[in-house]
Amino acid sequence: MTVPAIRVSAVTKQYGTLKALGGVDLEIGQGEFFGLLGPNGAGKTTLISALAGLVRPDGGSLEIMGHDVVRDYRNARRNLGVVPQELVFDPFFSVRELLRIQSGYFGIRGNDDWIDEILASLDLTHKADANMRMLSGGMKRRVLVAQALVHRPPVIVLDEPTAGVDVELRQGLWQFVRKLNRDGHTIVLTTHYLEEAETLCGRIAMLKAGKVVALDTTENLLHRFATHSLRVSVDRAEAAVALGGMAVEDGWVEFAFEGYDKLEALLARLREAGAGLREIQLGEPDLERVFVEVMHRA
Ligand SMILES: Nc1ncnc2c1ncn2[C@@H]1O[C@H](COP(=O)(O)OP(=O)(O)O)[C@@H](O)[C@H]1O
Ligand SMILES: [Mg+2]
């Protein structure tokens, strides 16, 4: 049996009185494209920092490709590339120098062919000799991605790589990450763009206040909750609200329903209540809705 790319067992981490991680268990298989979602402060970055050996957990254990992050740190770290959430750089180095230094951390010399390949894939070739301080935020973000890849790690974790990044760069980045995944890399991604997580990730864990509150395939998550929506524009919004709808905007009321077999009955009740139907819109289940529902229930 192959080892999981990432195994997290009963991991806890406390900052003073704040429980950042309250016993997290996760197993991510090799080759997965996995999403780690949760509101700000849920513990995503803390968990990623623990995987990278930057934060020492109070309890539990973490493994990368079968290597314990604490006991077998060097091998664990060698198998992991992390794109951190924060943009922190030494501003005096050029992009290429930075990537050479990063290679040096992993004891890799003569890495320029691979560095050139990464730079080309990330459309950074023309910036290879630019100093970091000269780069825009989006460019810096790409360098962070390049930096995570210099040692060809099989497991790549991206902590909100597209925060504050324009749409074009975001799409370029996702294309690149998708290719890495197709080439066999395990990808773990945190993002606030749930639409992107929905299209990219095969499986998703949702974290809230340091706990995993949902863990399933994206497909199952989308269908587990009452996540179809019916929006109606009506003459008498109160009548629709009285049937369990939620007033969303001027004269529009939204209902959640489980499947299309429930739709007819819902419309009939609106008619019987004399709501005065003017217009309807149907919404497919989406991850945004599931996320809100999961966070609300947890
Ligand atoms: N070094 C630290 N010292 C004290 N509290 C911290 C530290 N790092 C994170 N926290 C707290 O731990 C919680 C989880 O933070 P974080 O892992 O950054 O969440 P996320 O990445 O999901 O937004 C937050 O309440 C945060 O304020
Ligand atoms: Mg974070």
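The values are calculated or read from the model by the stated rules, or taken from the named source; none is laboratory data. Since the structure is predicted, the reported quantities are computational estimates derived from the model, not experimental observations. Virtual Cβ from ideal backbone geometry, glycine too; neighbours counted across all protein chains shown. Accessible surface is based on the protein model in full, side chains and every heavy atom, while ligands, DNA and RNA are left aside. Shrake-Rupley method; radii C 1.70, N 1.55, O 1.52, S 1.80 Å.
So which lysines pass the test for K208, namely a Cα distance under 19 Å, with those fewer than 8 places away in the same chain ruled out? The reachable lysines, counting only those whose Cα sits under 19 Å from K208, are K13, K19, K44. Protein heavy-atom accessible surface, 1.4 Å probe, per residue over the chain: 50 Å². Straight-line cross-link partners of K140 among the lysines, defined as a Cα under 16 Å from its Cα and at least 8 positions apart when in the same chain: K127. For the pair T12 and R297, label points projected 7 Å from Cα toward Cβ lie 2.7 nm apart.
Applying both filters, DSSP loop and at most 16 other Cβ atoms within 10 Å, to the trypsin sites (Lys or Arg not before Pro) of segment 211-295 gives R236. Backbone phi angles across segment 240-256, fed through the Karplus curve with coefficients 6.51, -1.76 and 1.60 (θ = phi - 60°), yield HN-Hα couplings of 6, 4, 4, 8, x, x, 10, 5, 9, 7, 2, x, 9, 10, 10, 10, 9 Hz in residue order; Gly and Pro are listed as x.
Listed by chain and number, the aspartates and glutamates whose alpha-carbon sits under 17 Å from that of K211, ignoring those within fewer than 8 places in the same chain, are D25, E27, D58, E293. Please work out the FRET efficiency for the pair D25 and A128, using the Cβ-Cβ distance as r and a Förster radius of 35 Å; give the result to the nearest 0.05. Working from the Cβ atoms, E equals 0.25.
First compute the accessible area of the chain with a 1.4 Å probe, then give the percent of it belonging to carbon and sulfur atoms. Here carbon and sulfur together make up 49 percent of the probe-accessible area. Of P153, P91, P161, the residue with the greatest mean-square motion in the GNM of the chain, using alpha carbon springs below 10 Å, is P91.
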